[in-house]
Amino acid sequence: MVKILAEHEAKKLLLKYGIPTTKFEEIRNEESIHNLKLSYPVVLKVSSPKILHKTDVGGIVLNINSKEKLLKEYEKLHQKFPDEIFIVEEMEKQGIEMIAGIINDEAFGKCIMVGMGGIFTEIYKDVAFRMLPIKKEDAEDMLNDLKVSKIFHGYRVKIDKEALIDILLKIAKIANELPVKQLDLNPIFLYEKGAKIIDAKIIMEE
């Protein structure tokens, strides 16, 4: 048996381990929107363990610039998914897109991966894997294994390599302490300083 975490549950778990995510609030009714403490523009998403691919089912609305627009979009999504919880999160500025995750392989046990995210994920298949547990040196080696490793040394862009290494070490800690079957952080926006998890999927063994 497995338990799939809804996005708001997954992000709460990440925050508990000190992993930076988007700023978000759970939305259960219109009153939640009136009491929203986030800055516009925002994103509205359905947050359900039954819906892993929100875009495919029209479960996400981007670039909402006002409370009035948010109320209208919430009403539409609530009619479409009447039994689900929603989250609203602040739109993040675009960063260099990366992916990271944990898989539980039958042959090798729990493994960690990192790679280029966004449209480059499928095009270049630029990923690196290690068996767990890992140390900081292993995380650094994973980044050096990538075809795009030059970007971590200041080639054309400045990005916070240490922030990504920190995320890798922390998801490795989650996998060590909890019965993780699968964990996907995609995308991670990597900036000149810091990083943010934009979307997260976590499946637990029960």
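The values are calculated or read from the model by the stated rules, or taken from the named source; none is laboratory data. Given the structure is predicted, the values throughout are model-derived calculations rather than measurements. Backbone-built Cβ (ideal geometry, glycine too); neighbour counts: all protein chains shown.
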Can you name the condition, by its number, that Gln94 falls short on among (1) of a type in the set (S, T, N, Q); (2) crowded, with 17+ Cβ neighbours inside 10 Å; (3) under 30 Å from Ile64 (Cβ atoms)? (2)
Segment 102-206: helices (runs of 4 or more DSSP H) wholly inside it with 3 or more residues that are modelled with pLDDT of 95 or more are 136-145, 161-177
Those residues of segment 55-75 which are more than 19 Å from Glu92 (Cα to Cα) and part of a helix (DSSP H, G or I) amount to Asp56, Val57, Glu68, Leu71, Lys72, Glu73, Tyr74, Glu75
Hits in segment 17-54 (condition: assigned to a loop (DSSP other than H, G, I, E, B) and either of a type in the set (S, T, N, Q) or more than 18 Å from Ile198 (Cβ to Cβ) (or both)): Thr22, Arg28, Asn29, Asn35, Leu36, Lys37, Ser39, Ser48, Pro49, Lys50
When every residue in segment 104-118 that is touching a Leu at 6+ places or on another chain (Cβ under 8 Å) and buried (at least 17 other Cβ atoms within 10 Å of the Cβ) is compared, the one nearest to Val180 (Cα to Cα) is Lys110
Scanning for something touching a Phe, Trp or Tyr at 6+ places or on another chain (Cβ under 9 Å), loosely packed, with under 13 Cβ neighbours inside 10 Å and not assigned by TED's automatic domain parsing to the domain that holds Ala163, does segment 51-66 turn up at least one residue? yes
Single match in Leu14, Leu77, Leu36 (criterion: among the hydrophobic types (A, V, I, L, M, F, W, C), outside the structural domain of Val180 (by TED's automatic domain parsing) and either surrounded by fewer than 12 Cβ atoms within 10 Å (Cβ to Cβ) or within 24 Å of Lys181 (Cα to Cα) (or both)): Leu14
Sort out which residues of segment 1-55 are of a type in the set (D, E, K, R), farther than 29 Å from Glu206 by Cα and free of Cβ contacts under 8 Å to residues at least 24 places away in the same chain, and write them in order of number. Glu31, Lys37
So the check is Cβ under 7 Å with 6+ separation or different chains; which pairs have a first residue in segment 67-90 that's of a type in the set (Lys, Arg) and a second one that's surrounded by 17 or more Cβ atoms within 10 Å (Cβ to Cβ) and part of a helix (DSSP H, G or I)? Lys67/Ile33
Condition first: under 18 Å from the mean Cα position of the chain (by Cα) and of a type outside the set (Val, Ile, Thr). Now tell me which residues in segment 129-177 satisfy that. Asp160, Lys161, Glu162, Ala163, Leu164, Asp166, Leu168, Leu169, Lys170, Ala172, Lys173, Ala175
